[in-house]
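The values are calculated or read from the model by the stated rules, or taken from the named source; none is laboratory data. Here the structure is a predicted model, which means the values were calculated and not measured. Here Cβ is always computed from backbone atoms with ideal geometry, including for glycine, and neighbour counts include all displayed protein chains. Ligands, DNA and RNA are excluded from the accessible area calculation, which covers all protein heavy atoms including side chains. Shrake-Rupley method; radii C 1.70, N 1.55, O 1.52, S 1.80 Å.
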Amino acid sequence: MTTPIPAPLWHFLSREVALVCDASGSITWGDERAVRMLECTPGQPLRKLAAQGTEDKVDRLITLARDERVEGWEVILCVGGMPRTFAFRGAPHEGGSALVGSLVTEDYAASLSQVSETMSELAALHRETERQQRELKRRADELALLNRDLEESNRGVRTLHAELDEKTESLVRAAEIKSRVVANVSHEFRTPLHSILGLARLLLNPANGSLTVEQQKQVQFIRTSGEALFELVNDLLDLSKMESGKATLRPLRFSASDFLGALRGMMRPLVPVDSPVELRFEEPPGELLLETDEAKVSQVLRNLVSNALKFTETGHVTVSAELAPDDRVCFQVRDTGIGISPELHERIFEEFTQVESPLQKKVKGTGLGLALSRRLAEFLGGSLTVQSTPGRGSTFTLLIPRVHPEVEAMVSLAERSQHLEPGRAPVLVLEDDRQTLFLYEKYLERSGFQVLPVRTVDEARRTLQRVRPAAIVMDVMLEGETSWGFLSELKGNEATRDIPTLVVTLMDREHKARALGADEFWLKPVVEEQLLRKLAAMARTGPVHKLLIIDDDDVHRYLLRQLLKDTPYVLSEAATGPEGIRLAREQRPDLIFLDFVLPDMTAFDVLDDLKADPITRDIPVILHTSRQLQEEERQRLAKETAIILAKHTLSREVAISRIRDALHKTGLGTNQGEGRRG
Ligand code: ADP
């Protein structure tokens, strides 16, 4: 037994208690064991400790022991609430009695067995605790092991991640290269193919001399093979355009009914008059107007209908369009053809996948149509799916938003370029990529420039007839055209020659750009700060607004200069009232920033002087103050100045918008061509 006996149990191991009582039987002293065991206190009558009904026997013991020696007097006292038998000896002591009680054996044995019971319970508890501790340790060891394993797998996962990142990067690079190669090669293919097809057509034309029947057959083969190749090249080109994100959205507003009508016209020639397959077009229920890329929707549906016709031997092919939930349009092409087994429903959308079938051998196809169609569907913001049962037919569903999500954004872009913001120097940006246009807009948002976005050379020409921009930023490789001609046109024309022009494009054509007169050439992508700095520098040679700051405080002048950095405003500064008035007369600025408190003159004096001179009378003044103005001062100033501006609230945006407001009030800035005075 290793567990120590708990202190409260000690007293059970001694059998005796000693007490002294006074004449009345109250306890005057008890030894330590008596106090602990009987929980008696001095002054307490001993009979109170007697078990119920045995008090008299205790009283008699006290009375006897007061007068004579007593031996073996058994009384029952309460120990911890339990009756226990004590054999008392007693003797007279100082008028009272001295008593020594001894627990009788059977009670002692009971106490001991209680102790040993408690001890064994404790030991069991101890064993259990030890067992639990061992278990805990085992679990802790297991956890540590697990932790180590986890860390190792973590390290592994991290390495894998890094490898995956690398692979993804190289895949992306490979995909880019593939797209570029495919796009270039396809382009190169198209020219000779055009010639081959043209020559074949020439040869087949009887007007150009007759061929033998055999020769005719051969040339016809050349022609059909050429056409198949041409189709493949076109599909490849479209696909690579989609993959490289180069496709352009050309939204149109059109009705589903007109659209299906035109489609019917295009597809009908594919169905011979005596064909066992009927091509049906269902009239859309109600007026259904779409605003999306009609040509791309048409491309998808033409492909679906031509597939359906290819893989349907009897029955019908039905085309329908209807409004679907969430303002979408659901186009369906249903056929009663050979169908597609379920495990191939996804595969057929992969490039170059064709399903083995006797029919397949008879029909033409590149295996690219559905892959391209699905890309087109995604480009239109929708999806292309199939439901089909072999032997029963297929239904292809094109689900697209009725209005393409980007249409709204584009409309607002075009609208914005129609309205010139007063006091902002317009910058014509010719760029076919919408994202890049938005980026330019975002970059110039907080500057004194306004982007006039145009996406084609034609639009650019039209805009130039209305506005003379402070600068032109242009890409040269546009969708379907280049703008080299436009650049030389700009620089060859007296009226536009001086407009600073920045060419920004993907390919290094600096020589050509400079030779045609570009003032600057940059490779994409454009960095915001660089662009602002460049525009500000270039715009200085164009129509700019001159601003004069009259303020004695160097710090305020510096702050204003910083706020207006990289904007098309040219600043001059005066530290005193008289100098300010002199500069205003000499330079005739478009706008004056005037400090309210000047050391030599009050702002009112300066204003009076400016108003008195016809040269400076109409120059708008922004009163710039750090002082709380009196109402009366405010009223007087309000009459004579354009705007009152608190210095502490000044930010770049506030400064620019106030300058614009002030210039607008005087009618300046609305016609940028006349923006410069003097
Ligand atoms: P293809 O130029 O060969 O038609 P697609 O990508 O358009 O290429 O189609 C891929 C394959 O999917 C087809 O070759 C054909 O096996 C199967 N398929 C497409 N449309 C249908 C259809 N309506 N019915 C049965 N099979 C079809």
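Numerical summary
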item: Partner aspartates and glutamates for Lys546 [C-alpha distance under 16 Å; skip if fewer than 8 residues away on the same chain]; result: Asp566, Glu573, Glu586, Asp590, Asp618, Asp661, Glu674
item: Anchor Lys48: aspartates and glutamates whose Cα lies under 20 Å away (excluding residues fewer than 8 positions away in-chain); result: Glu16, Asp22, Asp31, Glu32, Glu39, Asp56, Asp59, Glu74
item: Residue-averaged 222 nm ellipticity for the chain, from DSSP H runs of 4+ at -39500 (n - 2.57), nearest 500; result: -15500 deg cm²/dmol
item: Charge dipole (debye, nearest 20) of the chain; +1 at Cβ of Lys and Arg, -1 at Cβ of Asp and Glu; result: 2180 debye
item: Space enclosed by the convex hull of the alpha-carbon atoms of the chain, per residue, Å³; result: 443 Å³
item: For peptides 85-92, 226-233, sequence by mean Cβ density within 10 Å, most packed first; result: 85-92, 226-233
item: Sum of side-chain charges, His187 neighbourhood, beta-carbon under 13 Å (Lys, Arg +1; Asp, Glu -1); result: +2
item: Burial order of peptide ranges 632-639, 253-260 (average beta-carbon count within 10 Å, highest first); result: 253-260, 632-639
item: Degrees, to the nearest 10: 554-563 long Cα axis against longest axis of the chain; result: 70 degrees
item: Beta bridge orientation in the chain: antiparallel %, DSSP, nearest 5; result: 60 percent
item: Order of exposure, largest accessible area first, which applies to Thr212, Thr118 with probe 1.4 Å; result: Thr212, Thr118
item: With DNA, RNA and ligands ignored, accessible area of Lys534 (1.4 Å probe; Å², nearest 10); result: 50 Å²
item: Computed FRET value (nearest 0.05) for Gln299 with Glu421, which takes r as the C-beta separation and R₀ as 35 Å; result: 0.35
item: Inter-probe distance in nm under a simple model that places probes 7 Å from Cα toward Cβ, at Glu631 and Arg582; result: 4.1 nm
item: Using a Förster distance of 56 Å, the FRET efficiency for Gln562-Ile222 (Cβ separation, nearest 0.05); result: 0.20
item: The chain: angle of helix 434-444 to the longest principal axis, Cα-based, in degrees nearest 10; result: 70 degrees
item: C-alpha long axis of helix 405-418 to longest principal axis of the chain, angle in °; result: 60 degrees
item: Solvent-accessible area per residue for the chain (1.4 angstrom probe, square angstrom); result: 54 Å²
item: Region 414-534 - share of DSSP beta bridges that are antiparallel (%, nearest 5); result: 10 percent
item: The chain, relative contact order [Cα under 8 Å, separation at least 6], %; result: 7 percent
item: Dipole-positive endmost among Ala460, Val526, Ile550 within region 439-566 (Cβ charges, Cα centre); result: Ala460
item: Distant-in-sequence amide H partners of Ala471 (H built 1.01 Å from N, under 5 Å); result: Leu428
item: Region 252-401 - percent of accessible surface contributed by carbon and sulfur, probe 1.4 Å; result: 51 percent
item: Cys78 accessible area, 1.4 Å probe, all protein chains in place, Å² to nearest 10; result: 50 Å²
item: Violating pairs (Cα-Cα greater than 22 angstrom) within the set Lys442/Lys565; Lys442/Lys534; Lys491/Lys512; Lys565/Lys639; Lys491/Lys534; Lys246/Lys364; result: Lys565/Lys639; Lys246/Lys364
item: Under Karplus coefficients 6.51, -1.76 and 1.60, residue-wise ³J(HN,Hα) of region 580-587 in Hz, glycine/proline x; result: x, 5, 4, 5, 4, 5, 6, 9
item: Percent accessible area from carbon and sulfur atoms, region 414-534, protein chains only, probe 1.4 Å; result: 49 percent
item: Largest to smallest accessible area among Tyr443, Tyr569 [probe 1.4 Å]; result: Tyr443, Tyr569
item: Check: region 15-120 dipole with +1 on Lys, Arg Cβ and -1 on Asp, Glu Cβ, in debye; result: 60 debye
item: Accessible surface of region 7-106, 1.4 Å probe, proportion on carbon and sulfur as whole %; result: 52 percent
item: Ranked packing of 395-405, 344-354, most packed first, by mean Cβ within 10 Å; result: 395-405, 344-354
item: Selection from Ser388, Gly80, Ser651, by position along the positive dipole direction of the chain (Cβ); result: Ser388
